[in-house]
Each structure stands twice: as structure tokens, then as C-alpha cells.
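What follows is a single structure, written as C-alpha cells, with notes after it.
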Amino acid sequence: MTTSIRRAAAFAVLGTLTLVGSVLVAGVAALFAAIGALSLVVDDGVVFELFARPSDRSEGRLRGLAAFSFATAGLAMLVMLVGLPTRVFIAAVCLLVYGNLAEQVARSWNNTAITATTGFTLGGFVAAIVAQIIVLQISGAPVDSLVPIIIFLAASGALLAGLLRSVLFERDDPLVMFSVALLLWLFADLTVTVTPLEVGLAIAITAGFGYISWALDTASVTGMLTGVLLALLTIVLGGYPWFAVLISFFALGALSTKFRYEQKRKNGVAEANEGARGGGNVLGNAAVALFAVLAFAASDRLPVASTVFLFAFAGSIATAMSDTLSSEIGGVFDNPRLITTLRRVEPGTDGGVTWQGELAGALGASVVALIAVLLFDSIGLLGGGVIALAGIGGMTVDSLLGATIEGDKIGNQSVNFLATLSGALLGAGLALLAGLPA
């Protein structure tokens, strides 16, 4: 057994102690606070050798163990003070420690990023399911009726943790644990009306699409995890028609990125990493859509018709599609013009547009609108026109931002976010003006 596996196993055993919180959460908070304090004074011996990370050895202090213990104690305090569900607290801790253990075992077999990330995500997923079931059984709560939400929470938590672990350092595990706990707390409070089979099918479909995107080099590991998480939340909280709208962007956007890639490379407008999009790129284009899905799932508690969030979702995706096709198709043509002055600029200049790119963008927005019309009875032809206009409007906002503030003030991902936000607001606003949500 390697040192890394032995250390991960020790943390897993320690994390398992949080199950005591099912009956005595105050005791767990006190125990981990004490462990955290003691770990700061241990600088040698068996315990030090078992829990020390490389950075701990160089500093002579078990800072990793201390940070983990204090974070665990902090989550236990949230259970007592603000009502964080006990099973969410314990699931977040067990997900992290057993995910790390599974990752180290996977690395001993094949030390590649995809293998390590897969090991962490699967290990954390299983651990989160088991932890929730144990907590519910100890507390005497029914388990059968909660199976769909148990699986959903475990899957979404494991994907978020895997995403964060792929971009952060091991010393940031407390941040990962807190992020997962807060996300699961939010989801646990939403109404999820799916069966275990439907949740399982959603996980299988999104994981399949994620693997294909990685295998075809259209997404990096972080981009794949981000896309899978977004797709899973869209299916479970929205439905398959919502997923169809979302996946249309991912699929056509990926194809357009590969379109005449070498020509775009020569023009200086090609995506880096052979067109494989990272997590930041995916979030920049789909974060607004994710918020719309979450708002739709919680619409029974909001003073806004649920259909408004559907138009916001479709408008943001239409913008992302329109902007991506405009950039990727228009990037192969010479002599772009700056959208604000119409003067000729060099290819790759922020805010530069071509008529071919604008046409491709309009067609992209229309594709999203057509899919929405076909799959949602509440949209209709007028609603389809609203979505197409929202997408084109958001694409125009993206170009205007690129010509005015992108580069010195904000980056491309921030521009994408603001553009999709504009498309969402346009979609929702125009739908309200047209009386469509009614």
C-alpha cells in the first residue's frame, strides 16, 4: 500500500466518524474541533506519519488534518445553528474522504487525469449514497420514498466535488467539502419528482455524453465534468425537453469549433487545446441557463410564472449557440469589421464581425428556437420568434462588449456570461410583453 493510499484511508476512517452525528451532532463538532487543535501540535510519531501530506512534512505540522477537522466541525455547527440537514453534512464529508481514497487507488493503477477524476467521482458517489441511507435508517426516517433524491444528491455532489478537485489543490479540500454541502442543501430543499429509474437513466445519459465529448477532444476533463453536471441538473430539475435544448448547443457548438480548425488557427481565432473547451468556457456559456433551471424548479415559491424561466433558459442557450456559431464560422473568413464603427480589423479582434458569421449566428438561434417550439407546447410560433430574437440580441451584446470592454477590463468568459444573461433577460422580457407565460 502506497503512502498516498494509506493517508487517504486514514482520512476516510476519520470521516466515517461523522456518522455519529446522526444521533449526537454536538459531540461530532466537539470531537473534530479537538482533533483539529491537537493536530497543530503533533510534529512526529505514528499519527504524523499517517496523516502528513508532503506540504505538512516540509512545515512540520499537520495543517491538512487540522483544516479538514475544523471544516468538519464547522459543518456540524451549521447543522445545529442554521438547520443544515444532518444527512447532507455527513454525505458531504464521506463523499470527499472516500472520493479521495478511490482516486488514490485509481492513480495506483493508471496515473492519468481522466482515471483519477473518474475514481474520485465514482467513489464519492457511492459513499454519499451509503452515508445518506445510514443516516436515514438511524434516524428512523423512510428511505424508499427518498431514493431518487438520495441518488440525485449523491451524483450532483460527486460531480461538483470532482470538478473542484480537478482544478484545486489537495489542501483546498475543506473548500470542496463546504461547497458540496451548500449545494446539496439547496437541492435537498427542491421538489424532485422523478423515479429512481429516471434518475439512473439521466446519470447514464449525461455520463455517456460527457465521455463522448472528452473522447472526441471537444472538452477537457473539467469541461466534461461541468457539462455533465449541468446536463444532469437540467434533466432532473427541468426535464428531457430542457436537456434537448441544452445538448443542441453543446453538440453544434463542438462541431463548429472543429470546423476548418486549421484555417482558424492561421487566422489566430482558434480555440486553444485543439478546441477542447474547459470548465470556465462551459460555465461562461451555460451558468445563466443553470440558474434558470434552478429558478424553474423553485418557481412554486417565487412570484413569477414558471414559463418565464423557460424563456430565460432558451434565450440564454440561443445566445450561446448564436455567439459560438458566429465566432467559429465567421472566424474562417477574412476582413471582419468592428461592430461599433464598421471599420476593417484584423481577424481575431474582439468585437470584429463578418456577415457570414452573423448569418450563422442567426441560424444558430433559430435552431434553438425551433427545437423549443417542437418540444414545448407552451411556447408556440410566437414564442419561437421571441427565443430567436433573444439569441440574436444576446449575440449582438457579446460583440458590443467585445469591441468596448473585453481585454483590458474583463475576459472572454465574463463577456460570454454577460451576453447569455442579456439573452435570458431578453427572452423572459419579450415573453412577458407578449403575454406568453399566461
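Here are some notes:
- Taking the chain and dividing mean pair separation by its residue count, relative contact order in percent (alpha carbons under 8 Å, at least six apart): 11
- Cα gyration tensor shape of the stretch 85-239, rounded if a/c is under 1.5, else prolate or oblate by comparing a/b with b/c: oblate
- The stretch 308-437, accessible area per residue, ligands and nucleic acids excluded (1.4 Å, Å²): 43
- Between L359 and A141, the contour length at 0.36 nm per residue exceeds the Cα-Cα span by 72.8 nm.
- Remark: accessible surface ordering of S108, S422 (largest first) is S108, S422, probe radius 1.4 Å.
- Cα-centred dipole magnitude for the chain, charges only on beta-carbon of K, R (+1) and D, E (-1), debye, nearest 20: 260
- Computed label-point distance, nm, for sites L182 and S108 using a 7 Å Cα→Cβ extension: 3.5
- For the stretch 1-157, alpha-carbon Rg and Dmax in angstrom: 16.1, 50
- Extent of the chain along its three principal axes (Cα atoms, max minus min coordinate, largest first): 70, 49, 35 Å.
- Gyration tensor verdict on the stretch 149-234 (Cα atoms; rounded if a/c is under 1.5, prolate if a/b is larger than b/c, oblate otherwise): oblate
- Of the peptides 208-218, 34-44, 170-180, 140-150, the ranking by mean beta-carbon count within 10 Å, highest at the top, reads 170-180, 208-218, 34-44, 140-150.
- The equivalent ellipsoid of the stretch 301-350 has semi-axes of 35, 12, 6 Å, largest first, where each one is the square root of 5 times an eigenvalue of the Cα gyration tensor.
- Long hydrophobic helices in the chain, taken as whole DSSP H segments with a C-alpha length of 15 Å or more on their own axis and mean Kyte-Doolittle hydropathy at least 1.0: 25-39, 63-82, 113-139, 147-167, 173-188, 196-215, 221-237, 240-258, 279-297, 355-375, 380-404, 412-433.
- Under 5 Å from the amide H of V353 lie the amide H atoms of R337, L338, I339, each residue being 5 or more positions distant or on a separate chain, with H modelled from the backbone and absent for Pro and chain starts.
- Accessible area expressed per residue, the stretch 1-127, with surrounding protein chains retained (probe 1.4 Å, Å²): 43
- Note on L78: accessible area approximately 50 square angstrom, rounded to 10, probe 1.4 Å, nucleic acids and ligands left out.
- Per-residue [θ]222 nm for the chain (sum of -39500 (n - 2.57) over DSSP H runs n ≥ 4, rounded to 500): -25000 deg cm²/dmol
- Euclidean distance of C-alpha centroids, the stretch 354-400 and the stretch 407-438, integer Å: 12
- Of all accessible heavy-atom area on the chain, the percent that carbon and sulfur account for (1.4 Å): 67
The values are calculated or read from the model by the stated rules, or taken from the named source; none is laboratory data. It should be emphasised that the depicted structure is a prediction, and the values quoted were computed from it without experimental measurement. Heads up, the Cβs are rebuilt from the backbone with ideal geometry, glycines too, and the neighbour counts pull from every protein chain shown. Accessible surface areas use protein heavy atoms only, side chains included; no ligands, DNA or RNA. Shrake-Rupley method; radii C 1.70, N 1.55, O 1.52, S 1.80 Å.
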